[in-house]
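This report refers to the structure that appears directly beneath it.
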Amino acid sequence: MLIGLLAAAGAQAQARSSSIDTDSAEGGSDERRASGGGYLQCVPYARQISGIQIRGDAHTWWGQAAGRYARGSKPRVGAVMALEPHGNSRLGHVAAVSRIVDARTILISHANWSNRGQIERNVTAIDVSPANDWSEVRVWYAPIRNLGGSHWPVAGFIYNEKPGKGGDKVNRPALAKAQKQARAKDRKKDPIGAIIAGNY
C-alpha cells in the first residue's frame, strides 16, 4: 500500500512539475558544438519536435517564419511559441505547444529553460496579458516548483503550415497600443495591484 501511495504522489508531482530529461535529445548536437555551449539549446529541440525548419537564435524565428510558415497569436498543438528577449535573456526562447488546457493555459515542451541543457515536457504556460491575447506569458520554472514570476513577451505562434492556411494575422503595432491602454486602465483602477503585477 505504501508503494502505491508513493507512486500516486510521484505521478501527481510529475503532472505539476513536468518531465525533465538530461541532455539527450537527438538532432541538437550540431548546434551544441557550433554554439560552443556543450549543452542542448531550445532551438534544435523545438525544430525537432515541431518539424518547423528554422535555424538561428530563438529571437530570429518570428521574423524568419514570415512568408515561410503561417503565424498567429493563438496557440495550437504543434505550434512553436516564440518568446522575445526579456530581462537577462538576449536570445529569446522557443517552445512547442503540446496541449491546450483552456483559453489561458497551455502545456509546452522545451529545452534549456529551468535547468541548463535539459528538456521539459508538458509544462504549464499561462496567458497573463491584460487583453487575453497571448502577448505575455508566465512559464513553469522547476527550481521553484511553480510558475516563474516574469511576464515574458510573446512574438506569436508559428504553425507548421504554409502562410495563408489558417494563420491569423497579428497586427503588432495595434496589439502593443491595446496592451499599453489596458495597462494604463489597470493603473488607474488599481495602482497597488499594478505595482504588484509589474505594470506600473
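The values are calculated or read from the model by the stated rules, or taken from the named source; none is laboratory data. Please read these numbers as outputs of a predicted model, since none were measured by experiment. Cβ atoms come from the backbone with ideal geometry, glycine included; neighbour counts cover every protein chain shown. What goes into the accessible areas is simple: the full protein's heavy atoms, side chains included, and nothing from ligands, DNA or RNA. Shrake-Rupley method; radii C 1.70, N 1.55, O 1.52, S 1.80 Å.
Given contacts defined as C-alpha pairs under 8 Å and at least six residues apart, what's the relative contact order of segment 74-167, whole-number percent? Spell out each step's value before the answer.
Working: 197 pairs, mean separation 25.8, N = 94.
Relative CO of segment 74-167 lands at 27 percent.
Tell me, what is the FRET efficiency for LEU91 and GLN48 to the nearest 0.05, using R0 = 22 angstrom and their Cβ-Cβ distance as r? It would help to have the intermediate numbers written out before the result.
On the way: r = 18 Å, r/R0 = 0.82.
Approximately 0.75, to the nearest 0.05.
Could you give the length gained on full extension between VAL101 and TYR39, defined as 0.36 nm per residue of separation minus the Cα-Cα distance, in nm?
Working: separation 62, 0.36 × 62 = 22.32 nm, distance 3.05 nm.
Going from the current span to full extension adds 19.3 nm.
For segment 52-152, run through the trypsin sites (Lys or Arg not before Pro) and keep only the ones in DSSP coil with at most 15 other Cβ atoms within 10 Å of their Cβ. Show your work: numbers first, answer last.
Numbers: sites: ARG55, ARG68, ARG71, ARG76, ARG90, ARG99, ARG104, ARG116, ARG121, ARG138, ARG145; in loops: ARG55, ARG68, ARG76, ARG90, ARG104, ARG116, ARG145.
Qualifying residues, ordered by number: ARG55, ARG68, ARG90, ARG104, ARG116, ARG145.
Heavy-atom accessible area per residue, segment 47-174, 1.4 Å probe: how many Å²?
Details: 6010 Å² over 128 residues.
On a per-residue basis, 47 Å².
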